[in-house]
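Here the structure comes first, spelled out in structure tokens, and everything after it is commentary.
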Amino acid sequence: MGWRFRKRIKIFPGFYINISKSGLGVNIGPKGANVSIGPNGTYVNTGIPGTGLYRRDKVDSSKQSSTRIQQETQNYREQEVTPTVSKEEQQYGGYEVSLQNTHHIPVNREDNHSDNSNGEFSMPYPQKDLADYRYPTIDLLKKYDFDDTPDANMEEQQANKNRIVETLRSFGIEISFIKATIGPRVTLYEIMLAPGVNASKLKGLEDDIALALSSHSVQILIPIPGKGTIGIEVPNIRPTIVSLESILNTKQFQETTMELPCAIGKTITNEVFMFDLTKAPHILIAGSTGQGKSIALNTMIMSLLYKKHPVELKLVLMDPYGVEYGMYAQIAKQFLASLPDEPVIVSNSGQAVSTLNSLCKEMESRYDLLKIACVRNVQEYNNKFVNRQLKPAVGHRFMPYIVVIIDEYGDFIGEKGQDFETPIVQLAQYARAVGIHMIISTKRPTNDIITGAIKANFPTRIAFRLPEQIDSQVILDCDGAEELLGNGDMLFRAGKSIDCIRVQCAFVDTPETERICKFISEQQGYISPFELSDPYFDENEYGESSDVDMTHLDPLFEDAARLIVLTQEGSTSLIQRKFAIGYNRAGRLMDQLEKAGIVGRCNGSKPRDVLIMDEISLENLLNSLR
């Protein structure tokens with residue numbers, strides 16, 4: 001744009017050839033207002049006839065305009081998100097030690113901002129942290145020869161149908177039709193009563209039908225949930241094992257859009273049963289010893305590992321015996337979360353309480369970020385972060401889902417009581433929106449362990465075989481668990497449903513779990529497990545050093561300074577351990593070290609940056625402070 005000089009040669013009225021610095025062009029239109037077409041594009045010209053002065057305004061085509069806008073937007077994004085490479089990144093070969101606070105997210109600098117041809121990112125950029133990560137393959141799981149083929153003996157089925165019809169007829173109950181559906185553990189005989197027959201007559205006939213079929217136990221469903229028929233569940237003589245491979249190697253699981261899919265088994269109609277943990281959102285499991293609780297927990301973990309990237313999911317595993325989840329320790333740098341300098345598998349009750357309190361602190365921190373981002377839940381927040389609408393420079397970070405799995409919950413409650421239950425209730429009440437979900441299991445579903453506060457905040461229940469009817473009432477608020485067959489036979493009840501779904505839990509053996517964990521552990525991971533912040537560390541109390549009294553230094557100040565410089569680790573817990581002092585004193589020491597310029601500012605639960613590199617510089621600094 002602007003005022004320029006040019007020479008016009010008239011060919012005929014309204015048609016001119018322009019000669020200017022930019023080259024030759026064609027001018028169409030009357031003097032004072034015309035359109036110019038030349039090598040540099042199309043322009044609208046306005047000017048004063050006879051003076052040689054005019055104004056040119058270029059007309060952008062829609063395609064050129066769109067291309068320019070995309071390019072400007074891309075340049076803006078790169079300027080906003082491209083960080084500088086720090087000293088720690090150079091040490092670890094271009095992988096960032098931490099993006100924000102307590103979270104270890106390595107970022108490959110060469111691949112982090114690679115685009116495809118149309119200006120869109122080829123994958124969500126948090127996943128570029130471990131861009132080469134490969135999900136576990138189905139061939140790591142054991143495939144049984146009889147998968148998906150329940151033992152169907154047509155002669156046996158027909159004989160059972162005849163016995164059921166004869167038994168019901170002996171009690172004056174006529175039926176119009178009967179059909180059988182074979183499941184992995186139970187066969188469902190679906191019957192339709194003849195017109196005028198009262199369904200209440202079937203109540204109490206379970207034992208008579210079981211006697212006629214020579215069966216262990218029979219259950220009658222009046223009606224079958226979602227149908228207008230009556231069901232009679234009869235155990236199979238030769239039950240079929242439901243392998244995890246037969247569950248995960250299905251189109252239903254492979255193409256699911258659930259956020260946290262948990263495929264746990266097959267229904268009595270031989271259909272894959274799965275649910276979304278984010279909709280659950282917390283699960284309470286109960287069952288006698290050896291009935292399948294631990295296998296169900298492992299099945300859920302395997303489902304999540306097969307579907308989620310390490311940047312999207314973190315697991316907190318608690319087991320009072322310390323042996324159930326030992327094989328998962330090898331994937332700590334990919335999927336586990338723990339307190340700093342603590343075992344990744346929580347077995348100590350004191351550590352369990354600290355971990356839960358740390359999760360409450362993480363929950364509060366996430367809520368603060370959600371408020372700043374003006375979103376309601378973690379899905380909306382992460383979508384904004386992936387679309388680069390939130391800036392890491394001001395504290396925003398990608399939030400992985402955190403799934404807390406507690407085995408033998410009753411043992412922890414027996415040791416810590418309210419100290420253990422209180423943070424669990426707090427998390428169950430409020431943590432769903434920020435992506436923290438809980439699964440707890442117990443073999444003792446009594447009212448002193450499964451309290452009203454726990455039941456009110458764990459809407460999804462799973463019951464394996466229980467010894468007493470009252471135990472089934474505690475866990476499911478209804479009868480039925482005492483009649484289950486054991487070995488993975490379970491009842492699933494969602495929070496909003498009034499009916500229980502009978503499911504045969506999938507079986508995953510220890511060698512399968514070890515193969516999958518080994519496959520994951522051999523791939524690139526983070527520098528350390530996902531670190532939960534210290535629940536007893538107050539950043540407001542120790543984060544500022546402006547009011548630190550440097551005229552009365554702690555007697556351990558110089559020794560602590562030498563320790564920090566020698567180890568190059570500005571950790572409060574390191575000072576606490578080495579000098580056997582309390583956390584408050586160690587925190588005051590760290591504040592004095594920061595004020596003296598030996599360590600940097602507080603960075604959450606991570607070690608502070610050490611600003612002094614050698615002992616000579618340290619001694620010079622200490623001499624100036626004496």
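The values are calculated or read from the model by the stated rules, or taken from the named source; none is laboratory data. Remember, it's a predicted structure, so these values are computed and weren't measured experimentally. We place every Cβ from the backbone using ideal geometry, glycine too, and count neighbours over all the protein chains shown. The accessibility values were calculated without ligands, DNA or RNA, using every heavy atom of the protein model including side chains. Shrake-Rupley method; radii C 1.70, N 1.55, O 1.52, S 1.80 Å.
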- prompt: Considering only segment 353-383, how many residues are farther than 15 Å from Asp534 by Cα and either free of Cβ contacts under 8 Å to residues at least 60 places away in the same chain or of a type outside the set (Phe, Trp, Tyr) (or both)?
  reply: 17
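Is there a residue in segment 393-409 that is in a helix (DSSP H, G or I), over 23 Å from Glu531 (Cβ atoms), at pLDDT below 95 and open to solvent by 30 Å² or more (accessible area, probe 1.4 Å)?
no
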task: Kindly provide the set of residues from segment 301-312 that are aliphatic (A, V, I, L, M) and not in a loop (DSSP other than H, G, I, E, B), ordered by number.
output: Ile301, Met302, Leu304, Leu305
message: Any residue that is out of contact with any strand residue (DSSP E or B) (no Cβ under 7 Å at 6 or more places or on another chain), open to solvent by less than 60 Å² (accessible area, probe 1.4 Å), in a helix (DSSP H, G or I) and of a type in the set (Ser, Thr, Tyr) - is there at least one of those in segment 366-378?
response: no
query: So which of Arg432, Arg465 ends up being within 18 Å of Leu532 (Cα to Cα), open to solvent by 20 Å² or more (accessible area, probe 1.4 Å) and in contact (Cβ under 8 Å) with a residue 40 or more places away in the chain?
result: Arg432
message: Can you find, within segment 140-172, the residue that is surrounded by the fewest Cβ atoms within 10 Å (Cβ to Cβ) among those that are assigned to a loop (DSSP other than H, G, I, E, B) and at pLDDT 85 or above?
response: Lys143
Filter pass, Gly322 being at pLDDT below 90 and assigned to a helix (DSSP H, G or I): no
field: Neighbours by Cβ (under 7 Å, 6+ apart or cross-chain): first from segment 440-451, under 22 Å from Leu277 (Cα atoms); second aromatic (Phe, Trp, Tyr) and at pLDDT 90 or above
entry: Ile440/Tyr409; Ser441/Tyr409; Thr442/Tyr409
statement: Taking segment 496-513 and the residues there that are surrounded by fewer than 18 Cβ atoms within 10 Å (Cβ to Cβ) and out of contact with any strand residue (DSSP E or B) (no Cβ under 6 Å at 6 or more places or on another chain), the one that is farthest from Ala210 (Cα to Cα) would be Pro511
- prompt: Within segment 341-352, can one find any residue that is touching a residue at least 24 places away in the same chain (Cβ under 8 Å), surrounded by 20 or more Cβ atoms within 10 Å (Cβ to Cβ) and part of a helix (DSSP H, G or I)?
  reply: yes
task: Residues that are hydroxyl-bearing (Ser, Thr, Tyr) and free of Cβ contacts under 8 Å to residues at least 12 places away in the same chain: find the helices (runs of 4 or more DSSP H) completely inside segment 548-626 holding 1 or more of those.
output: 557-567, 615-625
query: Quick one: what pairs do we get from segment 210-226, first residue closer than 21 Å to Glu156 by Cβ and of a type in the set (S, T, N, Q), second open to solvent by 70 Å² or more (accessible area, probe 1.4 Å) and assigned to a helix (DSSP H, G or I), C-beta under 7 Å, 6+ apart or different chains?
result: Ser217/Glu483; Gln219/Glu483
query: Identify, please: which residue in segment 478-495 is open to solvent by 40 Å² or more (accessible area, probe 1.4 Å) and touching a helix residue (DSSP H, G or I) at 6+ places or on another chain (Cβ under 8 Å) and is, among those, nearest to Arg461 (Cα to Cα)?
result: Arg493
message: Within segment 353-362, take every residue that is open to solvent by less than 10 Å² (accessible area, probe 1.4 Å) and either of a type in the set (A, V, I, L, M) or modelled with pLDDT under 90 (or both) and give me the one that is farthest from the chain's Cα centre (by Cα).
response: Leu356
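A quick yes/no check of all residues on (1) in contact with a strand residue (DSSP E or B) (Cβ under 8 Å, 6 or more places away or on another chain); (2) open to solvent by less than 30 Å² (accessible area, probe 1.4 Å); (3) at pLDDT below 75; (4) over 17 Å from Ala337 (Cα atoms):
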{"residue": "Ile520", "(1), (2), (3), (4)": "no, yes, no, no"}
{"residue": "Ser533", "(1), (2), (3), (4)": "no, yes, no, no"}
{"residue": "Tyr536", "(1), (2), (3), (4)": "no, no, yes, yes"}
{"residue": "Glu539", "(1), (2), (3), (4)": "no, no, yes, yes"}
{"residue": "Asp549", "(1), (2), (3), (4)": "no, no, yes, yes"}
{"residue": "Phe557", "(1), (2), (3), (4)": "no, yes, no, yes"}
field: Test: residue in segment 561-579 that is over 40 Å from the mean Cα position of the chain (by Cα), modelled with pLDDT of 85 or more, open to solvent by 30 Å² or more (accessible area, probe 1.4 Å) and not acidic (Asp, Glu)
entry: yes
